[in-house]
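A.B. asks: Below is one structure. I have some questions about it.
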Amino acid sequence: VAADLYGNSDAATEVEVQVFDGKREVAKANVAATLVGKQMAVRSRAKLALTKPKLWTPDSPDLYGLKISLRNGRKEVDQVESYFGMRKISLARDEQGRLRMCLNNQPYFQLGPLDQGFWPDGLYTAPTDEALRYDIEMTKKLGFNLARKHVKVEPDRWYYWCDKLGLLVWQDMPSGDRSAEWHGPSGGDGKEMQRSPESAEIYERELKALIEGRYNHPCIVTWVPFNEGWGQFDTVRILNLTRQLDPTRLVDGASGGNHFPAGDILDHHQYPGPAAPPTVTDRAMVLGEFGGLGLPIKGHTWQDEKNWGYRSFTNAAALTKAYVGLVEQLPGLIRSNGLSAAIYTQTSDV
C-alpha cells in the first residue's frame, strides 16, 4: 500500500493502514511519515500480509475494506477509506502449448459484449448512478463475465460497480487522428500510420492519464491501445509503454489488427463469425468482435432507416435464435483453436 501525503503540518506523523473483511480487521501496519520542514510531500509504503485471502472473481467479487489514517500519537489527523480486490490476470500454457488467459492462475474463458456506453437520453452520459449499475447487472444476467469498454472512458462509478458486482473489463484507449490502412475482417499485419509529434504527445499523455486514473480497479484486466487501425502508430513502442505503465495487466496488441509481434494477445474480428485468429505460440488468441446482430425497435431508434447491424432482425425471437447459434460454436474454437475470449457486438448503438 502506498500513500502520498501533501500539505503543511507541525506534528510528527505516522500512517496507519487497516484492512477489513466486512467489519473485521484482518491486517494492520504503521509506518512513519518523515517531514521536510513544515511541508509534507512524501510517499509512505506499508506491507500487509493476508492469510488465506478471498480471491476476487466475477462469481465471487470479494472486496476488502481499506482505511488509511494519518496520526499524531493517538490522535487521528486525517483519514481516507477505500477498498481492493485480490485477483491476478496472467497467461499460462495449456497441454498443447497454447497460451491461455488465466484468472487467479486458472484458465478462465472470458465472454462479454462490446460496450460503447450509449444512453437513450444522454448519448455518452448516463442519467443516474442507478443506470450505470443496471447496465452491469443486466450484462451479468445475460450470462456474461466481461465487458469490453469500447473507445470510451466511463466515470469512475461505472468501474466501481464492476468491482462491486463482479464484471471483468477490457479498457480501450479512445481513438484519435486518422486511421492507418486497414482491411476487414482483421486488418493487415504491420500496417500503421505516422502521427505528428503533437498528436503523438497528446495520445501518450492521455494513455498515461487513463491508466493512472483507473489503475486501482480490480475489474480491469486488459488494456486495448488500438482498435482496427484507428490512429494506430508506433505500435510496438506503445504496447511496450502500456506494459511499462502497468505490468500487472494484459495488453491487447491491436484489437482486430493491424497486428505486430508484440503485446500479450492476438485479437481477431469476424462478422458475423465466430472464428479464431491464426494459431500463434507467443500470444493468447481471442475473438475481439463477432456477431453484429441488430434489432431496431420502433420508438427506440434515432432514425427510421439505416439502423445499425451487420445482420438485421425484425423480432426478438429471431435475434435470440441467431445469437444462440453463434455462441454455441464457441466451445469448438476453445478446444481446437485455443480461443481464450470472445466479445459479442454489442450492447447497443445509436
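A.B. asks: Determine whether G263 is crowded, with 23+ Cβ neighbours inside 10 Å, assigned to a loop (DSSP other than H, G, I, E, B) and in contact with a Leu (Cβ under 6 Å, 6 or more places away or on another chain).
C.D. replies: Judged against the criteria, G263 is a match.
A.B. asks: Being surrounded by fewer than 17 Cβ atoms within 10 Å (Cβ to Cβ), among the hydroxyl-bearing types (S, T, Y) and modelled with pLDDT of 95 or more is the requirement here; does T242 meet it?
C.D. replies: no
A.B. asks: Let me ask you something else. Go over the candidates V324, V280, V251, V286 one by one and state the one that is free of Cβ contacts under 8 Å to residues at least 60 places away in the same chain and part of a strand (DSSP E or B). Outline the logic, then answer.
C.D. replies: Numbers: V324 fails: part of a strand (DSSP E or B); V280 fails: part of a strand (DSSP E or B); V286 fails: free of Cβ contacts under 8 Å to residues at least 60 places away in the same chain.
Result: V251 is the single residue among V324, V280, V251, V286 that is free of Cβ contacts under 8 Å to residues at least 60 places away in the same chain and part of a strand (DSSP E or B).
A.B. asks: Can you run down the residue pairs with Cβ atoms below 6 Å, 6 or more apart or on separate chains, where the first is in the stretch 172-197 and in contact (Cβ under 8 Å) with a residue 12 or more places away in the chain and the partner is aromatic (F, W, Y) and open to solvent by less than 30 Å² (accessible area, probe 1.4 Å)?
C.D. replies: Every condition considered, the pairs that remain are E192/F233; M193/F233; R195/F233.
A.B. asks: Of (1) touching a residue at least 24 places away in the same chain (Cβ under 8 Å); (2) in contact with a Lys or Arg (Cβ under 9 Å, 6 or more places away or on another chain), L266 satisfies all except one. Which?
C.D. replies: Against the list (1) touching a residue at least 24 places away in the same chain (Cβ under 8 Å); (2) in contact with a Lys or Arg (Cβ under 9 Å, 6 or more places away or on another chain), L266 comes up short only on (1).
A.B. asks: When the residues of the stretch 274-292 are narrowed to those that are modelled with pLDDT under 95 and crowded, with 22+ Cβ neighbours inside 10 Å, which ends up farthest from F226 (Cα to Cα)?
C.D. replies: A276
A.B. asks: Might you check whether a residue that is more than 27 Å from D189 (Cα to Cα), open to solvent by 50 Å² or more (accessible area, probe 1.4 Å), assigned to a loop (DSSP other than H, G, I, E, B) and charged (D, E, K, R) occurs anywhere in the stretch 293-301?
C.D. replies: So far as the stretch 293-301 goes, yes, one or more of its residues are more than 27 Å from D189 (Cα to Cα), open to solvent by 50 Å² or more (accessible area, probe 1.4 Å), assigned to a loop (DSSP other than H, G, I, E, B) and charged (D, E, K, R).
A.B. asks: Next question, about the same structure. Name the residue that is nearest to the chain's Cα centre (by Cα), counting only residues in the stretch 67-97 that are over 30 Å from V286 (Cα atoms) and among the hydroxyl-bearing types (S, T, Y). Quick ask: steps written out before the conclusion?
C.D. replies: Of the stretch 67-97, the ones over 30 Å from V286 (Cα atoms) are 67-83.
Among the residues that remain, those that are also among the hydroxyl-bearing types (S, T, Y) are: 69, 82-83.
Numbers: S69: 30, S82: 20, Y83: 18 Å.
Among those that are over 30 Å from V286 (Cα atoms) and among the hydroxyl-bearing types (S, T, Y), it is Y83.
A.B. asks: Specify the residue that is nearest to G166 (Cα to Cα); the eligible residues are those in the stretch 64-89 that are open to solvent by less than 40 Å² (accessible area, probe 1.4 Å) and in contact (Cβ under 8 Å) with a residue 60 or more places away in the chain.
C.D. replies: Checking each candidate, the answer is G85.
A.B. asks: Let me ask something additional. Go through (1) out of contact with any Asp or Glu (no Cβ under 6 Å at 6 or more places or on another chain); (2) open to solvent by 40 Å² or more (accessible area, probe 1.4 Å); (3) touching a residue at least 12 places away in the same chain (Cβ under 8 Å) one by one and return the number of the condition L111 breaks.
C.D. replies: Tallying (1) out of contact with any Asp or Glu (no Cβ under 6 Å at 6 or more places or on another chain); (2) open to solvent by 40 Å² or more (accessible area, probe 1.4 Å); (3) touching a residue at least 12 places away in the same chain (Cβ under 8 Å), L111 fails exactly one: (2).
A.B. asks: Further question on the same structure: Test K149 against the stated conditions and say whether it is among the basic types (K, R), under 16 Å from the mean Cα position of the chain (by Cα) and buried (at least 19 other Cβ atoms within 10 Å of the Cβ).
C.D. replies: Yes: the conditions hold for K149.
A.B. asks: Tally time: how many residues in the stretch 98-127 are of a type outside the set (A, V, I, L, M) and over 25 Å from D156 (Cβ atoms)?
C.D. replies: Number satisfying all stated conditions: 8.
A.B. asks: Right, something else. Going through Q329, Q346 one at a time, which residue ends up being open to solvent by 70 Å² or more (accessible area, probe 1.4 Å), under 23 Å from L168 (Cα atoms), touching a residue at least 40 places away in the same chain (Cβ under 8 Å) and touching a Gly at 6+ places or on another chain (Cβ under 9 Å)?
C.D. replies: Q329
A.B. asks: So, in the stretch 316-326, of the ones that are more than 28 Å from the chain's Cα centre (by Cα) and surrounded by 10 or more Cβ atoms within 10 Å (Cβ to Cβ), which residue ends up farthest from R148 (Cα to Cα)?
C.D. replies: Step one: of the stretch 316-326, the residues more than 28 Å from the chain's Cα centre (by Cα) are 316-318, 321.
Now restrict to residues that are surrounded by 10 or more Cβ atoms within 10 Å (Cβ to Cβ): 316, 318, 321.
Numbers: A316: 23, A318: 25, K321: 23 Å.
The qualifying residue farthest from R148 (Cα to Cα) is A318.
The values are calculated or read from the model by the stated rules, or taken from the named source; none is laboratory data. Since we're looking at a predicted model, the values are computed, not measured. As a convention, Cβ positions derive from the backbone with ideal geometry for all residues, glycine included, and neighbour counts pool all protein chains shown. We work out accessible area using only protein heavy atoms, side chains counted, and drop any ligands, DNA or RNA first. Shrake-Rupley method; radii C 1.70, N 1.55, O 1.52, S 1.80 Å.
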